[in-house]
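Shown next, in structure tokens, is the structure this report addresses.
No value in this document is a laboratory result; all are computed from the given coordinates. The shown structure was predicted, so the numbers you read here are calculated from the model rather than taken from an experiment. Here the Cβ positions follow ideal geometry from the backbone for every residue, glycine too, while neighbour counts run over all protein chains shown.
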Amino acid sequence: RKEVEQDPGPFNVPEGATVAFNCTYSNSASQSFFWYRQDCRKEPKLLMSVYSSGNEDGRFTAQLNRASQYISLLIRDSKLSDSATYLCVVNGDRGSTLGRLYFGRGTQLTVWP
Amino acid sequence: SAVISQKPSRDICQRGTSLTIQCQVDSQVTMMFWYRQQPGQSLTLIATANQGSEATYESGFVIDKFPISRPNLTFSTLTVSNMSPEDSSIYLCSVQQGAYQPQHFGDGTRLSIL
């Protein structure tokens, strides 16, 4: 079983739409959660951390459900510049895996005019 | 966050040769990692670069093929040895300041083997 599973996409939405991505993780003891964005042929960049209480950064809202081991990312009022692949990332919890980050395969988003 | 310089940014190499990729950080970092990403695929961790000791390799990756150095807290190298076309990929270094912190990536090295 993979450490992190994501909606494969692709998601194709018009400008202004609201889109949500989901992710599940297998290790119930994981402590840190992140969403990264990766543009085509570029390196992944941190979009936002995900906190237990949920957090918002402008048009982006991240939620964490520890009981269901589920993470989500909501993008409101989509822009053309939001087109990218979104990676769900979870940390290892102990021992040799402490500090290691596990990356999902990513969900591809295309926003069209 | 730290500024990470990775070079070369790209290279085209002949099979059987070796290439060393450098990763320089502008501040001391606790952890450094090397990843590979093939087109359309997710990131695959090659190894954790340990300062002053041998790197910790993931399953499927061995030191003879991917020797790694980390002489200090700001610099690491990854060598791709005896290259074959299957090694064509993007290689990325990343840094992390603590076990629960995010990682930040270099720009990547796009490697093509002829």
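Just need the relative contact order of chain B here, percent rounded to a whole number, with Cα pairs under 8 Å and 6+ apart. Each step should come with its number before you reach the end.
Values: 278 pairs, mean separation 41.0, N = 114.
The value is 36 percent.
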| Spatially close lysines, pair count over the protein assembly as shown: Cα under 24 Å, gap of eight or more or interchain | 6
| remark: For A:Lys2 and A:Tyr51, extending 7 Å from Cα along the Cα-Cβ vector and measuring point to point gives, in nm, a value of 2.9 nm
| request: Taking amide H positions as placed in the peptide plane 1.01 Å from N, state which residues far from A:Gly54 in sequence (5 or more) or on other chains have amide H under 5 Å from it. | output: A:Leu64
| query | Using θ = phi - 60° and the Karplus form 6.51 cos²θ - 1.76 cosθ + 1.60, what ³J(HN,Hα) does each residue of the stretch A:43-53 get, whole Hz, x for Gly and Pro? | reply | 7, x, 10, 5, 8, 6, 7, 10, 10, 4, 7
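What's the Cα-based Rg to Rh of chain A, Rh via Kirkwood? Working shown, then result.
Details: Rg = 13.8 Å, Rh = 14.2 Å.
My calculation puts Rg/Rh at 0.97.
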| Can you give me the Cα centroid spacing of the stretch B:27-86 and the stretch A:7-22 in angstrom? | 34 Å
| query | Taking 0.36 nm per residue of separation and subtracting the Cα-Cα distance, what length does fully extending B:Ser18 through B:Asp107 add? | reply | 30.0 nm
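Please order B:Asp11, B:Asp26 by the number of other Cβ within 10 Å, starting at the fewest. If you can, show how the numbers build up before the last one.
Details: B:Asp11 14, B:Asp26 10.
Sorted ascending by nearby Cβ count, the order is B:Asp26, B:Asp11.
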| note | The alpha-carbon pair-distance distribution computed for chain B, with 10 angstrom bins and whole-percent values, is 15, 50, 30, 5, 0
| request: Return the sequence-ordered ³J(HN,Hα) values of the stretch B:22-38 in whole Hz as given by the Karplus equation 6.51 cos²θ - 1.76 cosθ + 1.60 applied to θ = phi - 60°, using x for Gly and Pro. | output: 10, 9, 10, 10, 7, 8, 5, 10, 6, 10, 10, 9, 10, 10, 10, 9, 8
| task | At a temperature of 20 °C and a viscosity of 1.002 mPa s, determine how fast the protein assembly as shown diffuses translationally according to Stokes-Einstein, using the Kirkwood radius over alpha-carbon pairs as Rh; express D in µm²/s, rounded to the nearest whole number. | result | 117 µm²/s
| message | Taking the beta-carbon count within 10 Å as an exposure proxy, list B:Ile63, B:Ile21 from fewest neighbours to most. | response | B:Ile63, B:Ile21
| remark: Between B:Ile113 and residues 5 or more places away or on another chain, the pairs with built amide H atoms under 5 Å apart involve B:Cys13, B:Ser88
